[in-house]
Amino acid sequence: MQVTAAMVKELREMTGAGMSACKNALTEANGDIKRASEILREKGLAAAAKKAGRIAAEGLVAAAISDDRKRGAIVEVNSETDFVAKNEDFVNFVKQVAQQVLSSGAETPDVLLAEKWAPDPSQTVQDVFTQKVAIIGENIGLRRFSRYEVGDGEAVVEYIHGGGRVGVMLKITASTITDAIIEAGRNVCMQIAAMSPQFVARENVPEEYINSETDFLTKTALKENEEADKPKPANIIEGMVKGRLAKQLKEICLLDQEYVKDGDLTVGAYLKTVGADVKVSRFTRYEKGEGIEKKEEDFAAEVAKAMNV
């Protein structure tokens, strides 16, 4: 059977594969569009398997929030290059993944990947990722996600910075959720994006963290004291350790941080200006590629290789 432009167009719209790949698959399937889509999928699985081991440290963070702000989801989907992360198709795909997480009950990426894909229940989420790998030509993967569900007097607020480089989601509480409360939540999200706190407040810091840091700071101070021209007495060393620990806790605890929009206030003090009962009880901050060891590439050598120089 002769392969027509209309058949190629139909298969491309169905699968998202490239024009030449669709034409080749239709030729191999003797014009059978269903079989051609299966061929593309089979080739996509093979291509995805080859790319699965490659490091994907770029990508995007995206969020999805329900209209009533009672549910929220934030996800990180990785790609190998920043070029792909800026592709409109990839950007839209990551937003769809965030929507999938929002409506899902999955608690881990593996469970989510095994679910039916909401826009097309004939496929699993993993199937769609595999197809994207085949189309994009890079390894992509769902790294992590978080989902919030809140009750009365609570709202989920999100902020995405730098086109998806950093994303923040938090739960804010108040006697009445107003536009001003949501705006305050977004200001705090920006704070978290910029200053990367580890905990909401001092009382949320685990005791083992305090003990570990105190031990480290004590050893550091004693070593400095041994090397000093005029060693300090033990009570002074103890005071130094307490002061350094307090400074560190101020840097890593959100409510104690200096508010970036007004250096005269801490974040906690800023929230009190919004309302006496306004509180942030939880947040999630994702930075794309955070903690992933990136492979160092010789770009000039890569281009030369591609050009057979």
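The values are calculated or read from the model by the stated rules, or taken from the named source; none is laboratory data. Fair warning: this is a prediction, and the values are worked out from it, not measured in the lab. Every residue, glycine among them, receives a Cβ derived from its backbone with ideal geometry; neighbour counts consider all protein chains shown. For the accessible areas, the whole protein counts, side chains as well, though only heavy atoms, and no ligand, DNA or RNA atoms are used. Shrake-Rupley method; radii C 1.70, N 1.55, O 1.52, S 1.80 Å.
Provide the per-residue ³J(HN,Hα) series for segment 132-145, in order, calculated from phi with Karplus coefficients 6.51, -1.76, 1.60 and θ = phi - 60°, each as a whole number of Hz, with x at glycine and proline positions.
Once rounded to whole Hz, the list reads 5, 4, 5, 6, 6, x, 9, 6, 10, x, 7, 8, 6, 7.
Would you mind telling me the share, in percent, of accessible area of segment 55-187 contributed by carbon and sulfur at probe 1.4 angstrom?
47
Using a 7 Å offset from the Cα along the Cα-to-Cβ direction at both residue 182 and residue 260, what is the distance between the two label points in nm, to one decimal?
My value for the distance between the label points is 2.2 nm.
Probe radius 1.4 Å, ligands and nucleic acids left out: which of 143, 285, 12 has the largest accessible area, and how do the rest follow?
12, 143, 285
Mind ranking 90, 283 by accessible surface for me, highest first, 1.4 Å probe?
283, 90
To the nearest 10 square angstrom, how much accessible area does residue 110 have with a 1.4 angstrom probe?
120
Diagonalise the Cα gyration tensor of segment 50-159 and give the resulting equivalent ellipsoid semi-axes, square root of 5 times each eigenvalue, largest first, whole Å.
25, 15, 11
Using protein chains only and a probe of 1.4 angstrom, how many square angstrom of residue 81 are accessible, to the nearest 10?
Only protein atoms counted, so the area is about 50 Å².
Of 250/272; 116/288; 34/132, which sit over 21 Å apart, Cα to Cα?
116/288
Calculate the FRET efficiency for residue 290 and residue 107 from the Cβ-Cβ distance with a Förster distance of 22 Å, rounded to the nearest 0.05.
The formula returns an efficiency of 0.60 here.
Can you give me the convex hull volume of the Cα atoms of segment 144-199, divided per residue and expressed in Å³?
92
If you roll a 1.4 Å probe over the heavy atoms of the protein chains, what accessible area per residue do you get for the chain, in Å²?
Counting only protein heavy atoms, the per-residue value for the chain is 56 Å².
Given segment 103-239 reduced to its alpha-carbon atoms as identical point scatterers, what log10 I(q)/I(0) does the Debye formula return at q = 0.20 Å⁻¹?
-1.20
Please report, in Å, the Rg and the Dmax of segment 170-244, where both are computed over Cα atoms only.
Using the Cα atoms of segment 170-244, the pair Rg, Dmax is 19.6, 60 Å.
Once label points are set 7 Å from the Cα along Cα→Cβ at both residue 238 and residue 114, what is their separation, rounded to one decimal in nm?
In this crude spin-label approximation the distance works out to 5.6 nm.
Sorted by accessible area (1.4 Å probe), largest first, how do 190, 169 line up?
Descending order: 190, 169.
Roughly what would the spin-label model give for residue 70 and residue 27, points 7 Å off Cα along C-beta, in nm?
5.6
Return the equivalent ellipsoid semi-axes of segment 156-304 as a descending list in whole Å, where each equals the square root of 5 times an eigenvalue of the C-alpha gyration tensor.
Taking √(5λ) for each Cα gyration eigenvalue gives 34, 28, 12 Å.
Any chance you could run the full-extension gain for residue 2 through residue 175? It's 0.36 nm times the residue separation minus the Cα-Cα distance, nm to one decimal.
55.5 nm
On full extension of the chain, what length is gained from residue 123 through residue 276, given 0.36 nm per residue of separation minus the C-alpha to C-alpha distance?
Taking 0.36 nm per residue and subtracting the Cα distance, the gain is 50.2 nm.
Can you give the extra length, in nm with one decimal, that the chain gains between residue 19 and residue 209 once fully stretched, where that is 0.36 nm per residue apart less the Cα-Cα distance?
Between residue 19 and residue 209, full extension yields 62.8 nm more.
So what's Rg/Rh here for the chain, counting alpha carbon atoms and using the Kirkwood radius for Rh?
Rg divided by Rh gives 1.11.
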